[in-house]
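What follows is calculated from the coordinates using simple rules that are stated; it is not laboratory data. Please read all numbers here as calculations on a predicted model, not as lab measurements. A quick note on method: Cβ atoms are made from the backbone with ideal geometry, for glycine too, and the neighbour counts reach across all protein chains shown.
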Amino acid sequence: MKTYISLFILCLLSLMASAQLRTPSLSPTSTLTQKVGLTEIQIEYSRPSARDRSIFAEEGLIPFEEFWRAGANSATKISFSSGVRLGGESLDAGSYSILIKPYPTYWEIHFYPYESTDWTKYVNKEASFVLKPELTKTAALTESFEIRFQDLDLHTASLVFEWENSRVKVLVEVNDEEKVMASINRILSGPGMFDYYNAAVYLHASNTDLEKALEYIQEVTRSDKALFFQVSREAQILYDLNRKDEALLSAKRALSLAQEANNQDFIRFNTKLIEALE
């Protein structure tokens, strides 16, 4: 009899272990990956929702002047593939945990070397540095907490934290210029046409060296096999160098090539550029 009871208990425990209930999370996890320049930034966090609650207030879900994990559940983790500047402060490559202490007109954002998913382990540690971005009140309600990037440029972006009617932005700066120039110089020791084109696009878009950008693009456009978008870039560079007559000739050539390729975007672009130059 005891043997049967023992077997019954074992079977019951086995069934209980295999029948664990799975339900959706109220604060689902999210992973965000963004490249700024050549630097990859990844953020892992959870996204709680307001659900008609007061969030940032003296008696809110997240009271003023108290630490918050910048999400829910586990510690929020941000990783950088190379060193960056955040809000003017230098930060080495690696992973960091973020804690936020909200105030009525600004937030304190604390960055710690990432060690644990338990956010409470960071509260009494000294942060690598603390930023104090100004708080902006938004007219529209952001129901679920969100971290995102906007204002993306070649070397900068804004890291945005937003929930309820509160938003803060932190400037992210990457120093990729030396890497890019080293790559350009290395590749162009024996470049192909697209290497010259890509180098010209970078130097032009970043306004680093327009004369060098023109030199590189004309390594491409002097060929009768140049493509419409390449000749269009030459026209733009000449226009920005205030060499209007040459820019007009390039724009007309680019328009003709775009028409042959039936590319409506570049047909419109070069038509407008020609109108501005004539």
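With R₀ set to 41 Å, the beta-carbon distance separating Lys137 from Glu275 gives a calculated FRET efficiency near 0.40. Ellipticity at 222 nm from helices only: DSSP H runs of n ≥ 4 in the chain, each -39500 (n - 2.57), divided by the residue count, give -11500 deg cm²/dmol. When the chain is treated as a GNM with alpha-carbon contacts under 10 Å, the residue of Leu249, Leu154, Leu238 showing the greatest mean-square fluctuation is Leu249.
Taking the Cα centre of the range 24-174 as origin and assigning +1 to Lys and Arg Cβ atoms and -1 to Asp and Glu Cβ atoms, the resulting dipole is close to 180 debye. Below 8 Å between Cα atoms, with a sequence gap of 6+, how large is the relative contact order for the range 177-277 in percent? The value is 19 percent.
The value of relative contact order for the chain, using C-alpha pairs under 8 Å at least six residues apart, is 11 percent.
The relative contact order of the range 24-174, computed from alpha carbon pairs under 8 Å that lie at least 6 residues apart in sequence, is 21 percent.
Can you give me the distance in nm between label points at Ala261 and Arg51, each placed 7 Å from the Cα along the Cα-to-Cβ direction? About 5.3 nm separates the two model spin labels.
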